[in-house]
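Here's the structure we're looking at; comments come further down.
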Amino acid sequence: MKRLRALERLEAAWRDLLDAYAGLSDAELLAPGVTGAWSVRDIVAHVTVWEEEALKHLPHILGGGRPPRYSVVYGGIDAFNALMTERLREVPLPEVLARRDDVHRRLVAYLESAPVDQLARETRFRRRLRFDTFGHYPKHAAGIRAWRERGGRGRASVHDPCTTEQETP
């Protein structure tokens, strides 16, 4: 039951993110200026990177380990985001969308087999999951909706809403 609630929370936030850009044309998905210079496509690629980070680090956390700090490995979360954005800049939209679906499916499958006690209470596992997924998606969904309310024009703040001074645990 508790696993179900955690998965429902994840899926509700996921559906809300998908709904934020539902119905946009390919050209609109590629238009810059949604969040800083990012397009919706860039946001989708970014969210997928963080789901991949969850898939990479959650098993390590379950084993009692601590993921390396982004400040040590990359110079901070902002630097990590910039590096990943640059790496994915030329990936075609269809590939970004296919990767989004594949990674999210793998994440849900992994969580369906995760220990219930790690999902039912506040643990390092659940905290990492929240930071990388259901706590992260709404920030980008709101940015996309604000951009759409501006008629898909104009630039939002150059500040990435998911960056933080704090490290992800």
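Quick notes on this one:
- Helix-only mean residue ellipticity at 222 nm for the chain, each DSSP H run of n ≥ 4 adding -39500 (n - 2.57), per residue, nearest 500: -20500 deg cm²/dmol
- About its Cα centre, the dipole of the chain is roughly 480 debye, where the only charges are +1 on Lys and Arg Cβ and -1 on Asp and Glu Cβ.
- Extension gain, Asp102 to Arg121: 0.36 nm times the residue separation minus the Cα-Cα distance gives 4.1 nm.
- Structure-derived semi-axes √(5λ) of the Cα gyration tensor in Å - corresponding label in [x] 44, 17, 12; [y] 34, 24, 15; [z] 27, 18, 14: [z]
Values quoted throughout were computed directly from the atomic coordinates according to the rules given, and no laboratory measurement underlies them. On a predicted model such as this, the values are computed, not experimentally measured, just so you know. Here Cβ is always computed from backbone atoms with ideal geometry, including for glycine, and neighbour counts include all displayed protein chains.
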